[in-house]
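These notes concern the structure reproduced below.
Every number in this text was worked out from the coordinates using simple rules, so none of it is lab data. Source: prediction; values computed, not measured. We place every Cβ from the backbone using ideal geometry, glycine too, and count neighbours over all the protein chains shown.
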Amino acid sequence: MMVLVTYDVNTQSAFGRKRLRKVAKECLNYGIRVQNSVFECNVDNYIYKKLKNELLDIIDEDEDSLRFYIIGDKYKNSIEHYGVENGVDVEGALIL
């Protein structure tokens, strides 16, 4: 299923900047960055729960915001994109 992860981490302190880097790094383990604080993750239910728990362990719920949008399996008809394409087709062939 496609899950859109968005976050806003308070970076006014060194601890906040460290949390921001940790959140981004963890999201990169599961999906692709489509905007600065937005990731598309094509995961199953087990991996989604694992990702969510790992991110919740990183953020400070008193200072940061974390959102998950569960788009589902038929996401190709649910996403419209205009402008520069920075993402990668997560189901396409990977050519190195």
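Over the Cα atoms of the chain, the radius of gyration divided by the Kirkwood radius equals 0.98; this is the Rg/Rh ratio.
Listing Leu56, Leu51, Leu66 from fewest to most neighbouring C-beta atoms within 10 Å gives Leu56, Leu66, Leu51. To the nearest ten degrees, helix 14-28 and the longest principal axis of the Cα atoms of the chain are 20 degrees apart. Distance between the 7 Å Cα→Cβ label points at Asp60 and Ala14: 1.3 nm. Sparsely packed loop sites in the stretch 27-68 (the GluC sites (Glu not before Pro) outside DSSP H, G, I, E and B with at most 12 other Cβ atoms within 10 Å) comprise Glu61.
Taking the centroid of alpha carbons for each part, the stretch 29-81 and the stretch 1-23 are 12 Å apart.
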